[in-house]
1. Which count do you get for residues in region 60-109 that are small (Gly, Ala, Ser), in contact with a Lys or Arg (Cβ under 9 Å, 6 or more places away or on another chain) and surrounded by fewer than 24 Cβ atoms within 10 Å (Cβ to Cβ)?
2. Restricted to region 343-382, and to residues that are among the charged types (D, E, K, R) and open to solvent by 30 Å² or more (accessible area, probe 1.4 Å), which residue is nearest to Arg123 (Cα to Cα)?
3. Among the residues of region 139-158, is there at least one that is under 30 Å from Trp337 (Cα atoms) and either small (Gly, Ala, Ser) or open to solvent by 50 Å² or more (accessible area, probe 1.4 Å) (or both)?
4. When region 9-37 is examined, which residues are found to be farther than 12 Å from Gly63 by Cα, open to solvent by 10 Å² or more (accessible area, probe 1.4 Å) and assigned to a helix (DSSP H, G or I)?
5. Starting from region 350-377, keep only residues that are touching a residue at least 40 places away in the same chain (Cβ under 8 Å), then list their pairs with residues that are within 11 Å of the ligand (Cβ to nearest atom) and of a type in the set (D, E, K, R) whose Cβ atoms are within a distance under 7 Å, requiring at least 6 positions of separation or different chains.
6. Suppose the filter is of a type in the set (D, E, K, R), farther than 21 Å from Pro349 by Cβ and near the ligand (Cβ under 9 Å from one of its atoms); does Lys242 pass it?
7. Take the residues of region 183-205 that are of a type in the set (S, T, N, Q) and more than 11 Å from the ligand (Cβ to nearest atom): which is surrounded by the most Cβ atoms within 10 Å (Cβ to Cβ)?
8. Regarding region 260-278, can at least one residue be identified that is buried (at least 23 other Cβ atoms within 10 Å of the Cβ) and either at pLDDT below 95 or within 18 Å of the chain's Cα centre (by Cα) (or both)?
Amino acid sequence: MTEDLDKSLWYHSCAESVTAPSLMGEVVADLAIIGGGFTGLSAALHAAEAGATVCLIEADTFGAGGSGRNVGLANAGLWLPPEDINGHLGARVGSRLSGLLANGPNMVFDLIDKHQIACEPVRNGTLHCAHAPSGMKDLKRRHAQMTAIGAPVELLDRDAAVARVGSDQVHGALFDPRAGTIQPLAYAKGLARAALAQGANLFENTPATSLERAGDRWIIETPQGRISAPAMIVATGGYTRKMAGLDTPKVVPVHYFQSATAPLSQEQRSKILPGLEGCWDTALVMSSWRLDQAGRLIIGAMGELGHIGSFVHQGWLQRKLARMFPELADVSLEHTWHGRIAMTVEHLPKILQPDPSAMVCFGYSGRGIAPGTLFGKHMAEALLTGGTDGLPVPPVTSHSLPFAGLRGGYYETGATLMHLVKDQL
Ligand SMILES: Cc1cc2nc3c(=O)[nH]c(=O)nc-3n(C[C@H](O)[C@H](O)[C@H](O)COP(=O)(O)OP(=O)(O)OC[C@H]3O[C@@H](n4cnc5c(N)ncnc54)[C@H](O)[C@@H]3O)c2cc1C
């Protein structure tokens, strides 16, 4: 199992239980998809709904990558605010992308509703919280940029934010009513169930080992089988396993870990996030917190577990929990897990098109629930119809990211130092 997915709360509280066999023998399809996270599964579902024959292979189990271990905040946009996106992509492309992503949570919650995905959907908005008075500057800037494109966001002062979060450690917040929270692993598995019901061929425990363009088809080899298809999507994100024949795009790996408490009492739940918003903050070394359906508080922060500095991160998280919610100072943490966020330098996702018949999508930079669902759908449509105009971002034919590993190390060292020397929120 990929990097201890079974340590995650999401693994234990997942109400969706779909499984699929390993691929044995040859499958011929219209569209081959590699990777069973939100991107690949959304592509499979939408392609199958459009009547295409689809074959998706997942090296591990559905959602075993970033999709099954994230915070579960289904946001209406990317990490960057709209003008910063325009600064990188130009106003025309940037505005179109922001427009599509504004509708991202609608797409996610509509799919959940349509396919009755049992993934604890709560659409009560998110709170981007100021970790210090200085954090309000960032929130005001985001508020101005977002309202300028019609986003219904609301800036909350300190008193309002404290009341919504149930902690005096926040100094204001930006409320986005379009967003919400989900159980992310269950959402991924629910997409897989829906895709299977539409006739898609899905396989688990089936890594692609090599890819080759032979004539007018892609031949994808797996340990005990092969797929032959005229078009291919590679959606392996930050969990890419080596495939001969594809120079997989480099991303900066940024580690993020989370812990979940035991279910809180009704009295605690009446004070802590009574409105069930999902939260993250403006700190340089960011953290997040939210409740799940059972009333567990899930708190997370940047940092890698599984190396010598992990006790620094975990100790810091326990102290942060106690500072934010003193009534939870002695509560036990029942699950602790981590995941790898795939960042690009620009903090923007990319679609690499090494050949007109193939797309490789990566780099949601910590915002992949709605964007992954959206990009998967649009890539499938583009490859099946042959037109790339509808893609959320124009495809690129090359991508380089020198020193990706070193850049990831820089984030991890920064997070460790911050957690070691500073009791900042
Ligand atoms: C800790 C954490 C917190 C996050 N929080 C949020 C959040 O709150 N909100 C949000 O919107 N986003 C969040 N994200 C980002 C989001 O989870 C990702 O952007 C999203 O899951 C990416 O989906 P994906 O389908 O592209 O990739 P993944 O979910 O990573 O799926 C890729 C899959 O490809 C498979 N694979 C790899 N190589 C091969 C191969 N050779 N053959 C076959 N299969 C292969 C992997 O096993 C994996 O299952 C977070 C990410 C992390 C890690």
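1. Selection size over region 60-109: 1.
2. Lys377
3. Restricting attention to region 139-158, the residues satisfying the condition of being under 30 Å from Trp337 (Cα atoms) are 139.
Of the ones still in play, those that are also either small (Gly, Ala, Ser) or open to solvent by 50 Å² or more (accessible area, probe 1.4 Å) (or both) are none.
Within region 139-158 (the criterion being under 30 Å from Trp337 (Cα atoms) and either small (Gly, Ala, Ser) or open to solvent by 50 Å² or more (accessible area, probe 1.4 Å) (or both)), the answer is no, since none of the residues qualifies.
4. Matches in region 9-37: His12 only.
5. Qualifying pairs under 7 Å: none.
6. yes
7. Keep residues of region 183-205 that are of a type in the set (S, T, N, Q), which gives 183, 198, 201, 205.
Keeping just the survivors that are more than 11 Å from the ligand (Cβ to nearest atom) gives 183, 198, 201.
Details: Gln183: 25, Gln198: 18, Asn201: 20.
Per the stated criteria, the residue is Gln183.
8. Checked against the condition, which is being buried (at least 23 other Cβ atoms within 10 Å of the Cβ) and either at pLDDT below 95 or within 18 Å of the chain's Cα centre (by Cα) (or both), region 260-278 yields at least one hit.
The values are calculated or read from the model by the stated rules, or taken from the named source; none is laboratory data. Fair warning: this is a prediction, and the values are worked out from it, not measured in the lab. Here Cβ is always computed from backbone atoms with ideal geometry, including for glycine, and neighbour counts include all displayed protein chains. Each accessible area value is taken on the protein alone, full model and side chains, heavy atoms only, with ligands, DNA and RNA left out. Shrake-Rupley method; radii C 1.70, N 1.55, O 1.52, S 1.80 Å.
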